[in-house]
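Worksheet: one structure, shown below.
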């Protein structure tokens with residue numbers, strides 16, 4: 001099968017909790033039972049709706065919602081899959097994970113303004129922002145709704161390559177400052193921000209990309225004219 | 001008792017054999033799906049050398065006939081498993097993971113790699129044993145009413161022939177035994193195929209994917225279920241799974257036993273050619289003298305091949 005490479009994974013340079021992309025997710029706990037209708041936006045423009053149910057007696061402890069699949073949907077048909085893949089409801093003790101499988105700039109809104117039940121561009125205490133940084137380089141971290149600043153250096157050595165599957169995510173608490181403020185990661189290692197105060201976390205690549213060395217050109221030839229004589233049988 | 005007996009020396013017989021050996025070519029290609037992978041071969045060879053021995057038990061043995069592989073390409077198509085990142089547990093509990101983040105896959109599906117192993121440059125051997133036989137051949141293009149003389153005069157000739165073949169020969173063939181460097185060849189081909197798959201990515205991204213995949217050759221060996229001995233596995237794939245050995249053996253049997261005659265004798269046999277009439281009367285040309293061969297047997301001793309014909 002010809003598989004297509006997910007190029008966006010390797011091209012992202014900004015990771016924003018309020019504008020989700022491929023390697024970022026926002027997690028929220030809905031503790032009040034009910035049916036929630038969420039508006040999905042991309043770069044601020046409404047793209048569709050998703051509906052899910054939160055119940056006290058729901059078995060599922062996790063519901064994953066792929067925002068990219070909400071495009072054009074009214075919300076009646078659900079576009080999401082739960083952690084167990086069985087239903088579109090989740091327990092009041094569980095978590096809803098908003099993520100995307102394509103594109104960038106996604107946000108989700110349930111209610112508006114101060115009445116909002118949840119607004120992914122303004123995370124509140126208890127929310128989680130998780131992401132994966134792939135490119136080995138230095139990034140700055142900011143809370144756009146506060147004053148916290150920090151940095152992370154992503155590395156990848158030959159020794160690291162052998163233990164990628166063993167890496168555990170790094171936890172950062174988001175309060176008045178980031179804790180820790182400056183830290184190191186290995187490429188593909190998870191980075192999880194636990195939000196303690198209102199936050200929109202933006203991580204930006206600090207250094208410009210170095211040009212990749214040229215790997216030569218691919219030469220194309222005009223195909224040879226087909227022979228007119230009949231082909232000979234192989235055997 | 002035979003009307004006519006012709007003996008051919010062993011040396012002359014060897015020359016007859018060498019002529020058809022040198023015209024022998026084989027080419028075949030096929031592919032098959034083996035579940036976790038697909039494989040195909042594209043092969044071609046010709047024959048060289050061989051010692052021809054006329055034996056006293058009325059058989060001929062051709063030994064150490066070399067199969068010279070002009071092409072022996074084996075191609076493998078393999079699905080590399082999904083290459084994904086993420087999926088880590090961020091809220092572990094004693095009862096399992098309460099919150100696990102989604103996995104992100106680098107490809108939208110299992111990517112394929114395809115690699116070709118040029119295994120040529122080796123020589124296999126085949127031997128051939130059988131009795132000789134003369135078979136009568138009537139040209140299928142000859143109209144039912146046409147007599148043998150008119151058939152010979154037709155252009156192109158539609159003459160009948162007696163043809164000399166090996167009678168249902170027994171073929172012993174060496175299994176295709178690929179070189180012991182095939183393991184290195186496979187590893188190089190796998191690495192090249194993965195590089196080709198990822199060639200447009202920046203170096204760090206390729207490093208990550210290679211890091212996730214681990215040593216790709218180990219992964220490919222696991223997918224292909226290759227035991228320690230890659231050489232034997234590939235030989236088995238060609239010899240047994242594809243049955244290439246059977247195909248080659250059957251082709252050789254057909255070639256020497258049915259398709260290509262060692263020699264052919266026209267029937268009726270032209271004893272004297274057409275000549276100018278030396279007399280002062282009659283036609284300018286005398287017609288050729290031809291004798292129909294009713295029966296033609298062949299046998300051999302350890303020094304010569306003998307043809308015995310009943311004519312008339």
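Every number in this text was worked out from the coordinates using simple rules, so none of it is lab data. Source: prediction; values computed, not measured. Glycine gets a Cβ as well: all are built from the backbone with ideal geometry, and neighbour counts include every protein chain shown.
Observations on the structure shown:
- Shape box of the range B:154-312 [Cα atoms, principal axes, largest first, Å]: 102, 39, 23
- Over the range B:1-50, the hull volume per residue, using the convex hull of the C-alpha atoms, is 154 Å³.
- Residue A:93 versus residue B:46: modelled label distance in nm, points set 7 Å from Cα along the beta carbon direction: 8.1
- Residues B:76, B:201, arranged from fewest to most other Cβ atoms within 10 angstrom of their Cβ, appear as B:201, B:76.
- Relative exposure of B:232, B:64, judged by other C-beta atoms within 10 Å (fewest first): B:64, B:232
- Pairwise FRET efficiency - residue B:192 versus residue B:12, Cβ, R0 = 45 Å, nearest 0.05: 0.30
- Relative to the longest principal axis of the Cα atoms of chain B, the long axis of helix B:182-197 makes an angle of roughly 60 degrees.
- Placing dummy labels 7 Å off each Cα toward the beta-carbon, the span from residue B:58 to residue B:281 is 5.2 nm.
- Take each residue in A:56-66, count the other chain C-beta atoms within 10 Å of its C-beta, and the mean is 2.
- Its relative contact order, with pairs defined as Cα atoms under 8 Å and 6+ residues apart, puts the range B:218-291 at 18 percent.
- Shielding by partners for peptide A:19-28, expressed as the average number of C-beta atoms from other protein chains within 10 Å of each residue's C-beta, is 2.
- Principal axis extents of the C-alpha atoms in the range B:103-180 (largest first, rounded to whole Å): 83, 35, 20.
- Globularity ratio of the protein assembly as shown, using Cα Rg and 2.2 N^0.38 Å: 1.63
- Helix B:203-213 and the longest principal axis of the Cα set of chain B meet at an angle near 80°.
- Overall shape of the range B:239-312 was characterised from the C-alpha gyration tensor. The equivalent ellipsoid obtained from it has semi-axes of 44, 16, 9 Å, in decreasing order.
- Averaged over the residues of peptide A:151-164, the number of Cβ atoms from other protein chains lying within 10 Å of each residue's Cβ is 2.
- Per residue, the average separation of C-alpha pairs within less than 8 Å and at least 6 apart gives the range B:96-178 a relative contact order of 38 percent.
- Our summary gives chain B a relative contact order of 22 percent, counting only alpha carbon pairs under 8 angstrom and 6 or more residues apart.
- Burial ordering of B:160, A:25, fewest other beta-carbon atoms within 10 Å first: B:160, A:25
- Considering all C-alpha pairs of the range B:120-162, those separated by over 15 Å amount to 58%.
- On Cα atoms only, tilt of B:10-22 relative to the major axis of chain B in degrees: 40
- Panel note: the C-alpha atoms of chain B, placed on their principal axes, show extents of 119, 41, 35 Å (largest first).
- Theoretical ellipticity at 222 nm over the protein assembly as shown - DSSP helices of four or more residues, -39500 (n - 2.57) apiece, nearest 500: -4000 deg cm²/dmol
- Within the range B:1-97, the percentage of alpha carbon pairs spaced more than 21 angstrom apart rounds to 66%.
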